[in-house]
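Here is the structure we will look at, set down as structure tokens.
The values are calculated or read from the model by the stated rules, or taken from the named source; none is laboratory data. If you're wondering where the values come from, they're calculated on a predicted model, not measured in any experiment. Ideal geometry is used to build each Cβ from the backbone, glycine not excepted, and the neighbour counts take in all protein chains shown. Side chains are part of the model used for accessible areas, which takes the heavy atoms of the whole protein and leaves out ligands, DNA and RNA. Shrake-Rupley method; radii C 1.70, N 1.55, O 1.52, S 1.80 Å.
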Amino acid sequence: MTQPPENLSTYWQNHLRVAFEKSAPQLYRPMLRASLAHVVMLAEQELLPAERARQLLGGLRELLAADDDRFAFDGSVEDVYYLVEQRLAAAAGIRQSELDVQLARSRNDLDAGVFRMVLRDDVLALAGQLCGAAEAAAAQADRWADVLITGFTHRRPAQPTTLGHVLAGYAEALLSQADELLSVYDELDVNPLGSCAFAGTDLPIAAPRLGELLGFRANFTSSYEAVAGAEHLMRTAAVQARVLATGARMARTMLDWMTFGWIATPDAYCQGSSIMPQKKNPVVLEHMCSMAGAAAADLAATMNNVGAAWYEDSNNATTDVQEHLWRAGDRAARFMTMMRGLLQELRPQDPPSPEQVVATGATTTAIAEALAGAGVPWRGAHSVVGALVRQAPPAEWTSSVVAAAIAEAGLGEVDDSVVEAALNAGLRPQRVLDRAQEGGPGAAAVRRTAELALGRARSLAAEFAARRTALDEAATALDEAVDGVLAGGRG
């Protein structure tokens, strides 16, 4: 933390300075780009004298070309908005009283537009890692579709499944998140510039031209909602928290797999112990769970701030939530980068043998289903198998013991072949690999699911790439428009 100037008031020392130091690195350069577009539009609409437009554009370009953006708070300006004006006047060689960069523009629509620009970049950064993680999960699901493990419910052994089946499920969750992220991006990608404070202006500006130059896909329909709205902010916070919450669940599961020795513990994601030489601690998975908690806190702060605000331009619902969102955006991108790497490195090490799966009791559902399929009422079969497994593990059962339990339950006599088939189902958990049900743990079914997931991941990645291309093309168009005004034309 920098030492505040001694002459600042309590408010400037304890709020404006801190807010400036946090926001300036995030908002300064996007604000310069937005100002370039604004001056081009004013020049094209003949709302600025040509010479003044050239002065402003030259100054803005000089500021953008500067390599080191230092943001020491010296008390001469209260926020980034006034820092831009201060630096622009100096760069353009004019007095601040001669500045026209804010003609037909308010801090309200400028801040709203610039922050949407920041969030677009954050969403695209997250999307790249999210789609990459979905591809990695799908590829690994295909690769390890026949690696038998014990599946858990409520942290207790439940039924046989495979590594591939779990990974295919996580790939589907990632794709759901990517779908939502694309929708959030498109809601962010709406230009609020031209709304001014909230009521627009009498001057003949061209707001759609601003949107075009800054790569926005659409323009505001209500100038009030454009500056007072917070739906896009809440949705951004929600999808960030959602990505990390589900990712933390997968991290916990992977941590269990490493602890059981079912998958290898990757060296790149581990730390050693300061005292125990044998330790290889996958601490990244613990940190990822903590990161999900922080994302949930940022979501709660965003929702609480918005809910505490009036439905008008209000700091609670606009500037005060920005810190939570750009912090959460950076965190989410880092989280998914690590998750993608973990998924890519996932390798089976010593998964449970069929006998070990049987010993957990995870095959008893298959026994009960085999009995039910032969005519024993399901609830009765469930009760009989439950009673038997409480007495001994399935590997110790005999045909006579099972038949006797069925008879004692008043379910009648069962043919010996039925009992043998049921026991066989309970002793061969690898039968699950042959299960034909779509979406199930059968190896062929998992590979079909993985193939579909891989196609969807690549399709979504292409959608996000198209949006990045649109931003790049808009940046080129803006530079060309500035060149046109500087050369004496109209862009």
Does residue 103 satisfy the condition of being surrounded by fewer than 18 Cβ atoms within 10 Å (Cβ to Cβ) and either touching a residue at least 40 places away in the same chain (Cβ under 8 Å) or of a type outside the set (A, V, I, L, M) (or both)?
-> yes
State which residue is modelled with the lowest pLDDT when the search covers only region 64-75 and only residues that are part of a loop (DSSP other than H, G, I, E, B) and within 35 Å of the chain's Cα centre (by Cα).
-> 68
Can you tell me which of 17, 61, 52 is assigned to a helix (DSSP H, G or I) and either β-branched (Val, Ile, Thr) or open to solvent by less than 20 Å² (accessible area, probe 1.4 Å) (or both)?
-> 17
Taking region 144-175 on its own, how many of its residues are open to solvent by 50 Å² or more (accessible area, probe 1.4 Å) and either touching a Leu at 6+ places or on another chain (Cβ under 7 Å) or more than 20 Å from residue 428 (Cα to Cα) (or both)?
-> 5
Among the listed residues 318, 337, 265, 302, which satisfies the condition of being more than 17 Å from the chain's Cα centre (by Cα), closer than 24 Å to residue 120 by Cβ and surrounded by 14 or more Cβ atoms within 10 Å (Cβ to Cβ)?
-> 318
Given the conditions (1) without any contact (Cβ under 8 Å) to a residue 60 or more places away in the chain; (2) farther than 17 Å from residue 147 by Cα, which single one is not true for residue 251?
-> (1)
Scope region 76-99; condition small (Gly, Ala, Ser) and either open to solvent by 40 Å² or more (accessible area, probe 1.4 Å) or within 37 Å of the chain's Cα centre (by Cα) (or both); matching residues | 76, 90, 93, 97
Where in region 395-491 are there helices (runs of 4 or more DSSP H), lying wholly inside it, with at least 3 residues that are loosely packed, with under 14 Cβ neighbours inside 10 Å and under 41 Å from the mean Cα position of the chain (by Cα)?
-> 443-486
Candidate set from region 208-222 (those that are without any contact (Cβ under 8 Å) to a residue 40 or more places away in the chain and not hydrophobic (A, V, I, L, M, F, W, C)); member that is most open to solvent (accessible area, probe 1.4 Å) = 221
Select from region 169-223 the residues that are under 19 Å from residue 114 (Cβ atoms) and hydroxyl-bearing (Ser, Thr, Tyr) and list them in ascending order.
-> 185, 195, 201, 223
Identify all residues within region 357-394 that are in contact (Cβ under 8 Å) with a residue 60 or more places away in the chain and either over 30 Å from residue 288 (Cα atoms) or open to solvent by 20 Å² or more (accessible area, probe 1.4 Å) (or both); write none if there are none.
-> 358, 360, 361, 363, 364, 365, 366
Cβ pairs under 7 Å, 6+ apart or interchain, first in region 59-81 and of a type outside the set (Phe, Trp, Tyr), second part of a loop (DSSP other than H, G, I, E, B) and surrounded by fewer than 17 Cβ atoms within 10 Å (Cβ to Cβ), ordered by first then second residue, are 72/2; 74/5; 75/5; 75/7; 75/8
The residue from 290, 273 that alone is touching a strand residue (DSSP E or B) at 6+ places or on another chain (Cβ under 7 Å) and either free of Cβ contacts under 8 Å to residues at least 12 places away in the same chain or not in a helix (DSSP H, G or I) (or both) is 273
Looking at region 137-175, which of the residues that are among the hydroxyl-bearing types (Ser, Thr, Tyr) and touching a helix residue (DSSP H, G or I) at 6+ places or on another chain (Cβ under 9 Å) is nearest to residue 459 (Cα to Cα)?
-> 170
Failed criterion for residue 283 (all others in (1) among the hydrophobic types (A, V, I, L, M, F, W, C); (2) out of contact with any Gly (no Cβ under 6 Å at 6 or more places or on another chain); (3) at pLDDT 95 or above hold) | (3)
